Amino acid sequence: MCLKVEEVLTDGRRIITFRNGTKKEISADKRTMTISFFNGDVKKIMPDRTVIYYYADAQTTHIAYPDGLEVLQFPNNQIEKHYPDGTKEIVFPDRTVKCLYCNGFKETFFPDGTVVKVEKNGDKIVVFSNGQKEIHTVQFKRREYPDGTVRTVYYNGRQETKYSTGRVQIKDEESNIILDKK
C-alpha cells in the first residue's frame, strides 16, 4: 500500500502525490513549494519565505510575509493587513479604511473625506469633509462649524451654542432658553 507517489519532471520539478489527493510540487531549485490540498486549499511557499495560503471554501487568501506582515483578501474585496506591532488596517469594498492600533485608538477614513477617530476611553472626534467637526465624550457632544459657531449638548440635555458673532444661547434639558446673550 503506497502512501505517496513521487515524480521527477524533465525540468527538475518534483511532484509528490499523497494517497488522500494532496499534491506537493517543489521547484527545480527547491526554493518554491506549492501544496494543493484535497479540499481545494493551496499553500505556496516563495523563495523569500512568503507563505500564500488560499482557503478554497472561504475563497480567501492569507499572505504571511517574512517581516511579520499578514494580508487577508476576502471574496468581497475586503483586504485586512495585520502588522507585527498589532496594528490592523481594514480596507472595505467601498474603499473605507479602518485602522485599529494596539493602544486602543481607532481611525476610520471614509471615501467622502470624513474621518472618525476614537480614543481608547471612547471619546470620538468626527471631522467632516465640509469642515465641520464633532466631538463626543461621556460629558457632551459638540459640533464645531467652519464659521466658528460651536454647539454643545451636555449629558443632562442642556444645550449651549456659541455663535461666531459672539452671541451665546443656553437651553435647558427641555429646550427652554435660559440665556440668550447677543
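The values are calculated or read from the model by the stated rules, or taken from the named source; none is laboratory data. This is a predicted model, so every value here is computed, not measured. FYI the Cβ positions are ideal-geometry reconstructions off the backbone, even for glycines, and counts take in every protein chain you see. The protein model used for the area step is the full one, side chains on, heavy atoms only, and it has no ligands, DNA or RNA in it. Shrake-Rupley method; radii C 1.70, N 1.55, O 1.52, S 1.80 Å.
Here are a few things to note about the model shown:
- Contour excess over end-to-end distance, with Cα ends at residue 31 and residue 158 and 0.36 nm allotted per residue: 38.9 nm
- Considering only the Cα atoms of the chain, their convex hull presents on average a projected area of 16.6 nm².
- Potential extension, residue 97-residue 73 segment - 0.36 nm per residue separation minus Cα distance: 7.2 nm
- Percent carbon-and-sulfur accessible area, the chain, ignoring ligands, DNA and RNA, probe 1.4 Å: 52
- Taking a straight Cα-Cα cut-off under 28 Å and skipping sequence neighbours fewer than 8 places away in the same chain, the lysines within cross-link reach of residue 182 are 133, 141, 162, 171.
- Over the stretch 1-75, relative contact order from alpha-carbon pairs under 8 Å, at least 6 apart, %: 15
- Per-pair calculated FRET efficiency, R0 = 35 Å: residue 58 and residue 112 via Cβ, rounded to 0.05: 0.70
- Excluding same-chain neighbours fewer than eight residues apart, the aspartates and glutamates reachable from residue 88 by a Cα-Cα span under 18 Å are 67, 70, 80, 107, 119.
- The alpha carbons of the stretch 106-167 stretch over 34, 26, 12 Å along the principal axes, in descending order.
- Annotation for the stretch 1-39: GluC sites (Glu not before Pro) lying in DSSP loop with at most 16 further Cβ atoms inside 10 Å of their Cβ do not exist.
- Taking all protein chains into account, the per residue accessible area for the chain stands at 66 Å² (1.4 Å probe).
- Ignoring aspartates and glutamates fewer than eight residues from residue 23 along the same chain, the ones with Cα atoms less than 20 angstrom from its Cα are 6, 7, 11, 41, 57.
- Considering only chymotrypsin sites (Phe, Trp or Tyr not before Pro) in DSSP loops that have at most 11 other Cβ atoms within 10 Å, the longest stretch of the chain without any of them is 39-154.
- Residue list for the stretch 15-35, given a label point 7 angstrom along the Cα-to-Cβ vector of residue 6 and an amide N cut-off under 12 Å: 15-17, 26
- Positive-end residue of 114, 163, 17, charge dipole of the chain with Cβ unit charges: 163
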